[in-house]
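Structure record follows, encoded as structure tokens.
The values are calculated or read from the model by the stated rules, or taken from the named source; none is laboratory data. Quick caveat, the model's predicted, so the values are computed rather than measured. Here the Cβ positions follow ideal geometry from the backbone for every residue, glycine too, while neighbour counts run over all protein chains shown.
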Amino acid sequence: MKRQTQYFIYGAGILIALFLANNASAQGQGMPVKNFETKEMGKARWEERRAEMHKQLGLTADQEKQLEEHKTAHKNGMNLLYENIKTKRKELAEELQNEELDMEKLMKIHAELKVLNGQKEDSRLESILEVREILTPEQFATFIEHTRKMDKRFNQSGMKGSGAEFGRK
């Protein structure tokens with residue numbers, strides 16, 4: 001293998017390992033949420049905002065029930081998917097740290113990671129479509145507008161979301 005390629009692969013491995021170590025460290029220490037909120041305080045604020053949005057949308061009891069069921073099912077599926085992605089990233093980082101690189105194994109893990117990320121995007125789209133079926137067209141338009149505003153606030157705070165959901169700009 002050419003020396004440049006080796007250096008590139010080692011460098012990429014180090015970067016991935018540092019990234020994973022940094023994330024694991026922050027999660028393990030229970031890093032506080034923005035403005036030094038605890039995780040529980042952040043969840044409480046999120047629930048307040050969600051309740052406010054439900055009020056603005058004028059949801060019926062049936063719609064609220066459907067959205068709650070949808071949220072629970074989607075969250076459970078996404079949690080499992082994120083765990084699988086985390087495991088594959090860890091496998092990739094470990095493989096990159098091996099003295100002898102097995103390119104075939106690296107590429108296999110990478111391909112599996114791409115499939116999982118594709119499944120994540122598919123799940124997001126399916127979720128949006130399910131929410132759209134639950135809401136009336138007017139409610140969905142209001143929902144989209146609300147999420148755009150939230151994205152702007154979120155991105156202005158220095159934190160970045162994907163912003164891709166719901167065709168946000």
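At a glance:
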{"quantity": "Residue within segment 93-102 that is surrounded by 15 or more Cβ atoms within 10 Å (Cβ to Cβ), farther than 24 Å from Val131 by Cα, more than 23 Å from the chain's Cα centre (by Cα) and not hydrophobic (A, V, I, L, M, F, W, C) present", "calculated": "yes"}
{"quantity": "Total residues in segment 127-149, condition part of a helix (DSSP H, G or I) and in contact (Cβ under 8 Å) with a residue 40 or more places away in the chain", "calculated": "8"}
{"quantity": "Test for His110: is it over 19 Å from Ile14 (Cα atoms), out of contact with any Lys or Arg (no Cβ under 6 Å at 6 or more places or on another chain) and touching a residue at least 12 places away in the same chain (Cβ under 8 Å)", "calculated": "no"}
{"quantity": "Residue count for segment 58-77, restricted to those that are part of a helix (DSSP H, G or I) and either surrounded by 15 or more Cβ atoms within 10 Å (Cβ to Cβ) or among the polar types (S, T, N, Q) (or both)", "calculated": "8"}
{"quantity": "Qualifying residue in segment 11-26 (condition: of a type in the set (Val, Ile, Thr), in a helix (DSSP H, G or I) and at pLDDT 65 or above)", "calculated": "yes"}
